[in-house]
Amino acid sequence: MIRLSTIEKVYRTAKIETIALKDVNLHIKRGEFLSIMGPSGCGKSTMLNIMGLLDQPSQGVVEIDSEHVAKFSDRKLARLRNAMIGFVFQSYHLINDLSVVDNVEIPLLYRSMSGSSRRKLALEALDKVGLNARTRHFPSQLSGGQRQRVAIARAIVGSPQIILADEPTGNLDSVMGAEIMDILNKLNQEEQTTIVMVTHDEILASQTQRIIRLFDGSQVN
Amino acid sequence: MLINYLKIAIKVLLRHKLFTFISLFGISLTLLILIMVTSLLDHTFGSQPPELKLDRTLSITMGLLTSKDGGQSNGPVMSPYFLKKYVKSLKTPEVVSMSSFHNRVITYKNRTKFRLDIKYTDSEFFEILDFNFLEGNPYSLNDVSSRRNVIVINQNTREQYFDGEEAIGNTMEVEGEKFRVIGVVENCSILRIMPYADVWLPLTFSKTPLDEVTLIGGFPGWFAMMLATDESDIPAIKKEFQNQLALVEYPDDKWVEIKTAASTYAEAFSRNLRLSEEGNAKPLLIILFILMILFMLLPTINLVNINLSRIMERSSEIGVRKAFGASSLTLVGQFVVENVIITLIGGAIALILAIGILEIINSSSLIPYVNFSLNYRIFFNSLVICLFFGLFSGVYPAFKMSRLQPVDALRGESS
Ligand SMILES: Nc1ncnc2c1ncn2[C@@H]1O[C@H](COP(=O)(O)OP(=O)(O)O)[C@@H](O)[C@H]1O
Ligand SMILES: [Mg+2]
């Protein structure tokens, strides 16, 4: 469903030029659960962001369902991100001004549906991640594990076909990490959601169907 | 979608209480001053009773004579003789009126002292000006020419002098003569010098001899008003008046030139401010316009700044919203709605404060019969001003922010 071909990403600042990705090729199939591994700074986040249409490659082609995304308009990209992709960030990226349930509702705000059905779906998503008791809290009142579960609820609330998770357990202890992993596994098995997860953790990665390894911006096998 | 914007905006404004308060304070203060200035301008220049036809009214309110050696008469107004002979005879205006400026007199009723501002007028005075008659009528051409003892008084005089009793038909003593009240009009502000008075009486009762052959002067000062059938006739009237000036016969050899003009209200005003020798209204309007622009620009720049930094601070929120499907247009919409709401709230506060302050000025009787009112036009102008502020100070920052790639916004970079 997502295909990356000969992707290169170069960051240019005033003095230095960082090659974050070079010649990356990857085809993600529907229903897959794959993990991306590699040392810090090797380009994992960059790759995930390009896959999730949050960033543009310097070179190469990103295709979604065989269509080149490079020629999509801002509106079309927004609609694709909204309907197809659910992102989970390492540092949660919840909006501190909004309550838990309002945070979870965000993807649904950009769809046409009634406020009550939005609320209903958000509560269901929070239920799936085991957070139905804290819907009125604000992010600052939650622990790291709870925040990440809110972020997952937000990623799944719109039933996207693919979830892109950037080190979802990176800031959590191993018990909470395992809980998050259970939620993702369940989504993959019960709802056939495609999942791409960046992780440092060999044990978590070994539970996935395929492992992509990056080193210094290039794929290694 | 708009309802969502509104909900989000209200939530955000409530969460950022300090910012909301600071913005509201700044916006309200600016708009308050703007509304007050607009109201003052409207009160002094706007067409409002009794001067509803200002746009097609010309006046002659000043006059000077120049001698051969360049010396000037100590005018500064044209005499009743001049106005009667050379102005009342003009053909182009629909109506021509002459009257005196107001003059403070003292009168007694049952040993109570009353101070009254009186004004001598002809009957045409009431044709050009639209006084709102609460009771009775103005005096007629015949009343004036046959020196009938009739007067028109204002509401305040009815209350003070007649103490709540019937005024129409009752008599009132002014400058030693008894007059019968035939009309009562609404109070008129002293800032409106042409119509203003407490009591209006036929000019044939004037203590100044109206037929004395002199071109300037005559207590307490006289002026003429000319009503054009249409605004487009104004140049023709001015022209006819200039031609008339060429025909003026000078009563003695000393004087060789008259300096006077038929001007619109704005022209006369800018001449009084010495902005322009000829009484050309353009410099006044340009200065007012520039002041207005500066006035609006400074707070707008300030607001754009506040909003820019506020929106930049929320860059991570923008990144999140983009990552989950908000298009650039949607985000611009969200921030603009937020700004418009906050400026409208600020505008509402300013309007309430303005009504309160104007009410205090009105009731303090600081200026006789001043009545600053917030009419629908000022309200509408204020609303437009608010919307302008809201849109302008929100669109640019939002646009700038919405163009970022989602990752850059998430990272909190503003490049
Ligand atoms: N916005 C940026 N500007 C400059 N360099 C960047 C930027 N983002 C990432 N990089 C660089 O690109 C490389 C890959 O970064 P990243 O994808 O975040 O690695 P990972 O997620 O594997 O730790 C790193 O060397 C990083 O310093
Ligand atoms: Mg990373």
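The values are calculated or read from the model by the stated rules, or taken from the named source; none is laboratory data. Everything quoted here is computed from the prediction, not taken from an experiment. Neighbour counts run over all protein chains shown; Cβ positions are idealised from the backbone, glycine included. Accessible surface is based on the protein model in full, side chains and every heavy atom, while ligands, DNA and RNA are left aside. Shrake-Rupley method; radii C 1.70, N 1.55, O 1.52, S 1.80 Å.
Per-structure values
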{"item": "Which numbered condition residue A:118 fails, given (1) open to solvent by less than 30 Å² (accessible area, probe 1.4 Å); (2) under 12 Å from the mean Cα position of the chain (by Cα)", "result": "(2)"}
{"item": "Test: residue in the range B:236-243 that is part of a helix (DSSP H, G or I), surrounded by 16 or more Cβ atoms within 10 Å (Cβ to Cβ) and either in contact with a helix residue (DSSP H, G or I) (Cβ under 7 Å, 6 or more places away or on another chain) or of a type in the set (Phe, Trp, Tyr) (or both)", "result": "yes"}
{"item": "Leading residue by the ranking (farthest from residue B:400 (Cα to Cα)) among those in the range B:321-341 that are open to solvent by 10 Å² or more (accessible area, probe 1.4 Å) and among the aliphatic types (A, V, I, L, M)", "result": "B:341"}
{"item": "Any hit, the range A:134-153, residues being within 16 Å of ligand 1 (Cβ to nearest atom) and either open to solvent by less than 50 Å² (accessible area, probe 1.4 Å) or modelled with pLDDT of 95 or more (or both)", "result": "no"}
{"item": "Filter result (under 13 Å from the mean Cα position of the chain (by Cα) and within 16 Å of ligand 2 (Cβ to nearest atom)) within the range A:23-54", "result": "A:35, A:36, A:44, A:45, A:46, A:47, A:48, A:49, A:50, A:51, A:52, A:54"}
{"item": "Number of the exception - residue A:166 against (1) within 14 Å of another protein chain (Cβ to nearest Cβ); (2) within 16 Å of ligand 1 (Cβ to nearest atom); (3) over 16 Å from the mean Cα position of the chain (by Cα)", "result": "(3)"}
{"item": "Any hit, the range B:332-355, residues being of a type outside the set (Gly, Ala, Ser), assigned to a helix (DSSP H, G or I) and either in contact with a His (Cβ under 7 Å, 6 or more places away or on another chain) or not assigned by TED's automatic domain parsing to the domain that holds residue B:401 (or both)", "result": "no"}
{"item": "Residue tally, condition within 16 Å of ligand 2 (Cβ to nearest atom) and within 14 Å of chain B (Cβ to nearest Cβ), over the range A:4-22", "result": "4"}
{"item": "Leading residue by the ranking (surrounded by the fewest Cβ atoms within 10 Å (Cβ to Cβ)) among those in the range B:2-33 that are touching a Ser or Thr at 6+ places or on another chain (Cβ under 8 Å) and away from chain A (no Cβ under 11 Å)", "result": "B:31"}
{"item": "Single match in A:64, A:85 (criterion: under 19 Å from the mean Cα position of the chain (by Cα), over 25 Å from residue A:136 (Cβ atoms) and more than 10 Å from chain B (Cβ to nearest Cβ))", "result": "A:64"}
{"item": "Qualifying residue in the range A:77-86 (condition: away from ligand 1 (no atom under 16 Å from the Cβ), surrounded by 21 or more Cβ atoms within 10 Å (Cβ to Cβ) and basic (Lys, Arg))", "result": "yes"}
{"item": "Of the criteria (1) surrounded by fewer than 19 Cβ atoms within 10 Å (Cβ to Cβ); (2) touching a helix residue (DSSP H, G or I) at 6+ places or on another chain (Cβ under 6 Å), which one residue A:126 fails", "result": "(1)"}
{"item": "Residue in the range A:186-208 that is buried (at least 22 other Cβ atoms within 10 Å of the Cβ) and among the basic types (Lys, Arg) present", "result": "no"}
{"item": "Qualifying residue in the range B:163-186 (condition: among the polar types (S, T, N, Q) and under 28 Å from residue B:372 (Cβ atoms))", "result": "no"}
{"item": "Residue tally, condition assigned to a loop (DSSP other than H, G, I, E, B) and over 21 Å from residue B:203 (Cα atoms), over the range B:55-74", "result": "6"}
{"item": "Cross-chain or 6+ apart pairs with Cβ under 6 Å, the range A:151-166 first and under 15 Å from residue A:199 (Cβ atoms), then assigned to a strand (DSSP E or B) and open to solvent by less than 10 Å² (accessible area, probe 1.4 Å)", "result": "A:152/A:88; A:163/A:86; A:163/A:195; A:164/A:87; A:164/A:196; A:165/A:88; A:165/A:197; A:166/A:198"}
